[in-house]
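Please read the structure below before turning to the comments.
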Amino acid sequence: MKHANRPLLGALLFTALTLPQMASAQPCGGRYATASEMLDSTYGDYGTLYSGGEHRRTLDSVAATIDLYRLWEGVPDLRFRDVEGNYGPKPELPKYIFGRNEWDAHDVLSAGLPIIQNAQGDVPTIERRHKIAVAADLATTLGPSAGWWIAEGIDHRLSEGEKRTRAMAQENDFVDWLQMVLAASDTPWAYGWTIQGRNTVVDPMIGDMARHSRNRPDTPAWRVATAMLAEDGTEIPEELTTEVVTCGASPAGYAEWAVLRFEILRQGAALQDRDQALLPPALYRDSFMHKTRVAMASGGPLAELANLLPDDPDLAAWFNVARTYAARLLDALAAIHAGARYDPKSLRALNVLSVADLLEFANAPGIRPDLRARIHIVAFCRLIALQRWSEAEGLLPQLQDMFPDHAPQIAAITTRRWPRDVRMALIASELPEASVTLYHVDGQMTRSGDYGIWLSAQAGYSMDMMQSLRSGAFLRRDLEVWMQLPNRWSSYFTTKGYSVPFMTRAHSRVTDRRDQRRLRPVWTGRVTLPADGILSLRALDEIPFLGSQTGFTRQISESLIRWAQASRDTALLRRFEPRETMADGLRQVVLIARHHDVGQIGGVPMAQAAFALLHRKFPDSTAAAQTQYWHHCTTRCEP
């Protein structure tokens, strides 16, 4: 590959990147602004040159891709991409299924081809542009197999619609090119750079498509299509790189350079400072995320990528997931999260820390107050589960400061001369969402596409720690989901489809993909967490004991039952006991057992013992009147 690392090109890069015009938001004083806008619009939704294909909720279009084709053909900009904006009511178009349609996309596209390839620059109405862009999207198809429209001979599997598409592609350069770009945007590596190479099953027809593309006219449009189909070996002419970095390239040349550079980065070139300065934001963001995933898959260092992180709080929160997994020191973990937004996966990873490490992390400079407060609740509950009563009691002043609304109740319980474990259990019941597990912090979490984590949070908080969290298995699952590996796409599936656009597109185009095995790429690899990262900080002497059978809910249930069992039986002595508090505690034990298998006490289920005790010793209490049943969770218990 001809990467720009030779002395002459290095000098040119340094000169270009230090020019005043390069210091602006747009490189070269906005010379490439139109081309950059086209590329951002094209790659923004799905990360590919093919900008359409998702028809699950509404009709999609390839408007931005048409604009790039026209740019590379040297004809005026008709701004097809404006149809993606809010220009007003869009024309009514009937629901379309490839091969069975009321509205014939092929006829509309045929009528629109003169406009797409028109060099005069006459701008049709936006409604007309929208209909043409939608038709171009609907008339192209993934078909029965890769490269189906260039295969020799007669394929009897083709539908009537596919036969028309094939005929149009044989006669028209744009249709052939758009069909090629669609197929190139469906290669395994288009879904993620981590699933390229030996861990990927590649269709042999991809090679035939690449040869077909190379034999087409030597234009920028076909050169980028060829690069998209190549697993390696893509080159950028040195003169084109020189023109781009010295602000001498045409907008079409810049757009070609940007796509070729994106593909070269996919093929293994290192991300550089100049990429952030020159690439359009969408392409740089995608490149950065892909490179981060590749580094995690290969065990590569993240320090160099950290220096290339753009000023984007959401992207920084996403990147901090990888940094959290790779962190080997507590100070490094605290520095990563200081003043930052939190991704659910990085917070979940902190659950492997010990109580002491959690508190040290929470008290580090820059940790947001809401996260610090949440961690103190988790630490307090864990200390109860581990029966470290003195340490739990030592956290009470900080809890009162962090939760002033609950401070009076905490103070009132603290002054009572009740058993210490009972006081700690009752205080825990006063704290908001008491749990030994650290979940997300409301309002300070970047939006996550992982529906699995979101659904778990919506379902409610478990007071104990799930088995996958205790074993550490969740870390690998979260890593694979974060890397968007094909075997974890189900984690992004919601009742309204996938929460990640490119997955939604892959799923929605199954109607024109008769080979169901091609719904998603096949990946045979394996990723592992860095052994010297956060796994080395796991508190193996604490975490295994935080389940419901041995942890927090069992401890508070047992403490409250034994306290009630020790109550006096004579009427005179009962006058001096907190009978309503005891009764409320027993009711809480019964309710906990609805969703937690807290085990037995005295040979009977914990809830049964609490229920019997409540109705025998406190029959006239409000808690007894409200508690008509007891529960013993045996299936689908938390955690």
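The values are calculated or read from the model by the stated rules, or taken from the named source; none is laboratory data. What you see is a predicted model; the values in this text were computed from it and never measured. Don't worry about glycine lacking a Cβ; one is built from the backbone with ideal geometry, like all the others, and counts go over all protein chains shown. Each accessible area value is taken on the protein alone, full model and side chains, heavy atoms only, with ligands, DNA and RNA left out. Shrake-Rupley method; radii C 1.70, N 1.55, O 1.52, S 1.80 Å.
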Can L586 be described as within 46 Å of the chain's Cα centre (by Cα) and at pLDDT 80 or above? yes
Tell me which helices (runs of 4 or more DSSP H) are completely within region 287-390 and hold 3 or more residues being among the aliphatic types (A, V, I, L, M) and open to solvent by 10 Å² or more (accessible area, probe 1.4 Å), or say none if there are none. 303-306, 330-337
Residue tally, condition among the aromatic types (F, W, Y) and over 18 Å from T324 (Cβ atoms), over region 343-387: 1
Answer yes or no as to whether S159 is in contact (Cβ under 8 Å) with a residue 24 or more places away in the chain, under 30 Å from N487 (Cα atoms) and open to solvent by 20 Å² or more (accessible area, probe 1.4 Å). no
Do you know which residues across region 246-283 are open to solvent by 10 Å² or more (accessible area, probe 1.4 Å) and hydroxyl-bearing (S, T, Y)? T246, S250
If I filter region 152-174 down to residues being outside any helix (DSSP H, G or I) and among the polar types (S, T, N, Q), which single residue comes out as modelled with the lowest pLDDT? S159
Only one of these conditions is not met by P408: (1) of a type outside the set (A, V, I, L, M, F, W, C); (2) part of a loop (DSSP other than H, G, I, E, B); (3) open to solvent by 40 Å² or more (accessible area, probe 1.4 Å). Which number is it? (2)
Residue under evaluation R476, criteria (1) at pLDDT below 80; (2) charged (D, E, K, R); (3) surrounded by fewer than 18 Cβ atoms within 10 Å (Cβ to Cβ), criterion not met: (1)
Is it true that I236 is surrounded by 18 or more Cβ atoms within 10 Å (Cβ to Cβ) and not in a helix (DSSP H, G or I)? yes
Counted residues, region 578-598 - those being surrounded by fewer than 16 Cβ atoms within 10 Å (Cβ to Cβ) and more than 24 Å from R416 (Cβ to Cβ): 1
Residue pairs meeting the criteria (Cβ under 9 Å; at least 6 apart or on separate chains; first among the β-branched types (V, I, T) and at pLDDT 80 or above, in region 593-605; second assigned to a strand (DSSP E or B) and surrounded by 15 or more Cβ atoms within 10 Å (Cβ to Cβ)): V598/P605
Looking only at region 32-47, filter to residues that are among the acidic types (D, E) and within 21 Å of the chain's Cα centre (by Cα); which one of those is nearest to V245 (Cα to Cα)? D40
Scan region 481-491 residue by residue and report those that are open to solvent by less than 10 Å² (accessible area, probe 1.4 Å) and in a helix (DSSP H, G or I). V481, W482, P486, W489
Condition first: at pLDDT 60 or above and open to solvent by 10 Å² or more (accessible area, probe 1.4 Å). Now tell me which residues in region 450-460 satisfy that. Y451, G452, I453, W454, L455
Hey, R509 in a helix (DSSP H, G or I), modelled with pLDDT under 80 and farther than 26 Å from F288 by Cβ or not: yes
Using beta carbons and a limit of 6 Å, which pairs, at least six apart or on different chains, have the first residue in region 171-182 and among the aliphatic types (A, V, I, L, M) and the second one open to solvent by less than 10 Å² (accessible area, probe 1.4 Å) and part of a helix (DSSP H, G or I)? V175/A169; M180/S213; M180/A225; V181/A225
If I filter region 551-574 for residues that are part of a loop (DSSP other than H, G, I, E, B) and under 37 Å from the mean Cα position of the chain (by Cα), do I get at least one hit? yes
Every listed condition ((1) modelled with pLDDT of 80 or more; (2) hydroxyl-bearing (S, T, Y); (3) open to solvent by less than 50 Å² (accessible area, probe 1.4 Å)) holds for T446 save (1)
Condition first: buried (at least 21 other Cβ atoms within 10 Å of the Cβ), touching a Ser or Thr at 6+ places or on another chain (Cβ under 6 Å) and at pLDDT below 90. Can you find one or more residues in region 11-29 that meet it? yes
Residues being open to solvent by 10 Å² or more (accessible area, probe 1.4 Å) and at pLDDT 95 or above - total across region 175-187: 0
Would you check which residues across region 220-233 are open to solvent by 30 Å² or more (accessible area, probe 1.4 Å) and under 28 Å from the mean Cα position of the chain (by Cα) and list them? E231, D232
Filter region 297-320 for residues that are within 21 Å of D532 (Cα to Cα) and of a type in the set (D, E, K, R) and give the result. E304
